[in-house]
Each structure stands twice: as C-alpha cells, then as structure tokens.
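The structure appears below as structure tokens.
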Amino acid sequence: MDVHHGFIVGIFNYCDRWCDSCAFTSRCRLFADKAEIEASLDPSLKALMDAPPYEAPSPPPPWLAELLEEMDDAIHKPTTDDDLLERPLAPEHVIIEARAHDYRTRVFRRMQEQGLAVPHNPADPEAVILWFHTLISAKIHRALHGLAHDSPEDPDWPAPDYDGSAKVALLGIERSHEAWRALVERGAATDAEAASFIAALVWLGEALEQAFPNARAFVRPGFDEPEEVSKLLAGERR
C-alpha cells in the first residue's frame, strides 16, 4: 500500500463511490479534491479557501515523478491505428454485459413506476439497490473491455486492472442480493417481485466468477489491506 501525503494511492479506483458509507474518505485524494471544489463554490468558506497554505508542497516521490514522466511520454507518442482499434468482446462476454444492462434498466423502471426518490442512507436496502444498479453495470463494462484489451505477452503490462473492476462488481452484486432479501423481509417487495431481480444477480455473479477467476484475490488499496492500514494509523498516533 502506497501512501502519499496521508492519502492511500489509488484507493478510489476500486471503490463503490459511496462516500457516505466509506471509512476511508480521509485517506482518499479524490474525496479531498471534491470537497475542496465544493468548498470553493461556497461563499461562506471563501476566507478559508483564500488562506495561504501553511507549508510549501514537497516534491513528488520518485514513483510519482516516474509515473508523470511516463504519462507525458504517452501523450506525445504518435497514435497508431492499433491504438484506435476497439477490440470486440467475446460472445459470452457480450451476453454478460447485456444482462447487466437489463438488470440496471429493470431496477430503474421499478424506481420510476413506484415514484421512488433516490435515498442515500446506506442502511436502507432500497438505497443499496438503487446505488449499485448502475455501478454493477459500469464496473462489468469496464472489466470486460479491459479483459478484451489484455496484453499478457507484454512484459511491461501492469497487473490486471480488470480484476479489480470485476471484484467491485461482485461485491455490489452481493450487497444488492442481500438488500432485495431485506426488502422482502420488511414487506416492501413481494417474493415474486424480488425473485426475478435476485435471479439476475445470481446469474451475473456466477458469470463474472467464470470470466474473472482471479477477481476475488485482487487486493484493492486500503480496502483489502487491514494490516497495512493498522500500521499507518499506529504510525500516525506515534
């Protein structure tokens, strides 16, 4: 786990983007940047935003300087036809993406038919279902298209990012499954209504497990590193 200025590097790449339910917002650079932008737009916080920094920023660490240099080289590198060529998905993966899109569409239609507002309470099963119905589809799309562009023969090819996206989708599927069952227990949905949605989630979960057999083992920065996080917190307390 890499830490830069107190932020866990890359933690926002494999999260569910539900900041209200996240224990790592204080360690997330993306959350901090968003909060800074929102504060800059709030007139009541103008004095705080206009205040000079208490210290000059330190130079970037070697790993970040190297990454920035590589990004700069990539920007100035001529684009080839192969770079622009979209690789098609395998037929079985096209089906997975279509089923994820269908689940998202049916959940959204249900929300419209019932006149549901979008709740934000992570303890509300309705909120869980509505939050993840789009994220599951988006992460599956990212994982499948990342897999289609995989280049394992390249010695410089990075660790499979698509496994991280697939893992986030799998976790979203599990949480959505539990939320549908909770709705039935509360009487907010019938067994018959929930059954079709749960069946879709089960199918998607099994299909993803087959397409990405290593997804569960993917280590997400911060989230899947409890020992490293504990060491970070202990070091700061000292």
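All conditions in (1) assigned to a helix (DSSP H, G or I); (2) in contact with a Lys or Arg (Cβ under 9 Å, 6 or more places away or on another chain); (3) without any contact (Cβ under 8 Å) to a residue 12 or more places away in the chain hold for His145, with the sole exception of (3). The residue pairs whose first member lies in segment 205-226 and is more than 14 Å from Lys139 (Cβ to Cβ) and without any contact (Cβ under 8 Å) to a residue 12 or more places away in the chain, whose second member is among the hydrophobic types (A, V, I, L, M, F, W, C) and open to solvent by less than 50 Å² (accessible area, probe 1.4 Å), and whose beta carbons are closer than 9 Å, counting only pairs six or more residues apart or on different chains, are Asp224/Phe218.
Looking at segment 192-205, can you tell me whether even one residue there is aliphatic (A, V, I, L, M), modelled with pLDDT under 95 and outside any helix (DSSP H, G or I)? Taking every residue of segment 192-205 in turn, none turns out to be aliphatic (A, V, I, L, M), modelled with pLDDT under 95 and outside any helix (DSSP H, G or I).
Among the candidates Ala215, Ala207, Ala148, Ala189, the residue that is farther than 30 Å from Arg110 by Cβ, touching a helix residue (DSSP H, G or I) at 6+ places or on another chain (Cβ under 8 Å) and small (Gly, Ala, Ser) is uniquely Ala148. Any idea which residue in segment 89-101 is farthest from the chain's Cα centre (by Cα), counting only those that are open to solvent by 70 Å² or more (accessible area, probe 1.4 Å) and over 13 Å from Thr134 (Cβ atoms)? Among those residues, the one meeting the criterion is Pro91.
Filter segment 106-128 down to the residues that are part of a helix (DSSP H, G or I), surrounded by 13 or more Cβ atoms within 10 Å (Cβ to Cβ) and either free of Cβ contacts under 8 Å to residues at least 12 places away in the same chain or not acidic (Asp, Glu) (or both) and list them by number. If the condition is that a residue be part of a helix (DSSP H, G or I), surrounded by 13 or more Cβ atoms within 10 Å (Cβ to Cβ) and either free of Cβ contacts under 8 Å to residues at least 12 places away in the same chain or not acidic (Asp, Glu) (or both), then Arg106, Val107, Phe108, Arg110, Met111, Pro125, Ala127, Val128 are the ones that fit. The condition (being open to solvent by less than 60 Å² (accessible area, probe 1.4 Å), of a type in the set (Val, Ile, Thr) and free of Cβ contacts under 8 Å to residues at least 12 places away in the same chain) is satisfied by just one residue among Val184, Val202: Val184.
The values are calculated or read from the model by the stated rules, or taken from the named source; none is laboratory data. Predicted model, so just to flag it, every value in this text is computed and none were measured. Counting neighbours? That spans all protein chains shown, and the Cβs are built from the backbone with ideal geometry, glycine included. Note: accessible area is taken over every heavy atom of the protein model, side chains too, but ligands, DNA and RNA are not part of it. Shrake-Rupley method; radii C 1.70, N 1.55, O 1.52, S 1.80 Å.
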